[in-house]
Amino acid sequence: MQNDKGIFLKGVLGGAVLAALLGLLLALFVAYTGAYNIAASQDHSPFVRWLFSTTMQNSVAARADELEAPTEFSEAQIAAGAEHYKAMCQHCHAGPGVERAEWAQGLLPQPPHLVEEAAHWQPNEVFWLVKHGVRMSAMPAFGETHKDAELWDIAAFVKQLPGMTASEYAALGQQTGTHKH
């Protein structure tokens, strides 16, 4: 009986090693032949879209979990975040009553429309995304150019986007006019 178990385990281990080698060979084949079309004018296959989306969501959740978000955000933080958002984010992510910039229509993956999507993210996750960006998505990392307090302001504002009216959106971020890029 013990011998059968050993043979079975060796067979499973050998199968796993063989599968890993075949996967590596397939990846190398795709990479070196250009078999996968990387053009931004053609969407990913459903599997690749799922793979990228799931990986991104789980990666952000795992890393943002270490961050402690403020328990609440002030109106001043939300207003400051609105100013930053309108200057840096609106052209890709739109806003209530405001469409993406025309050139952003050509991005793939398409940046999420945060009026709907922000409800699915926690404040610490929004902060992490704004600070570190997302590779191969056109989402830049603003951590090198902005202080953490400014990034928390953006997170505070983004979390207010779901349910915000176009007139509320238009009124926010217009108070100081000091944001420069």
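Numerical summary
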| item | result |
| --- | --- |
| Projected label distance in nm at residue 145 and residue 8, using a 7 Å step from Cα toward the beta-carbon | 5.9 nm |
| Distance in nm between pseudo-label sites at residue 168 and residue 58 (7 Å out along the Cβ direction from Cα) | 3.5 nm |
| Among (1) 18.3; (2) 15.6; (3) 19.2, the entry that matches Kirkwood radius over Cα pairs in Å as calculated here | (3) |
| Between 0 and 90°, nearest 10: helix 148-158 axis offset from the chain longest Cα axis | 90 degrees |
| Cα-centre dipole for the chain with unit charges at Cβ (Lys and Arg positive, Asp and Glu negative), debye to 20 | 740 debye |
| Positive dipole terminus of the range 58-181, leading residue within 59, 141, 114 (C-beta point charges) | 141 |
| In sequence order, calculated HN-Hα J values of the range 78-88 (Karplus, 6.51, -1.76, 1.60; Hz; x Gly/Pro) | 5, 5, 5, x, 4, 5, 5, 4, 5, 7, 10 |
| Label-point gap, in nm, between residue 68 and residue 110 - each point 7 angstrom along Cα→Cβ | 4.0 nm |
| Amide H within-cut-off set for residue 139, under 5 Å, with H built and near neighbours excluded | 134 |
| GluC sites (Glu not before Pro) within the range 103-181, DSSP loop, no more than 12 other Cβ atoms inside 10 Å | 144 |
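Values quoted throughout were computed directly from the atomic coordinates according to the rules given, and no laboratory measurement underlies them. Note that the structure is a prediction, hence the values are computed from the model and not measured. Positions of Cβ are backbone-derived with ideal geometry, glycine not excepted, and every protein chain shown enters the neighbour counts.
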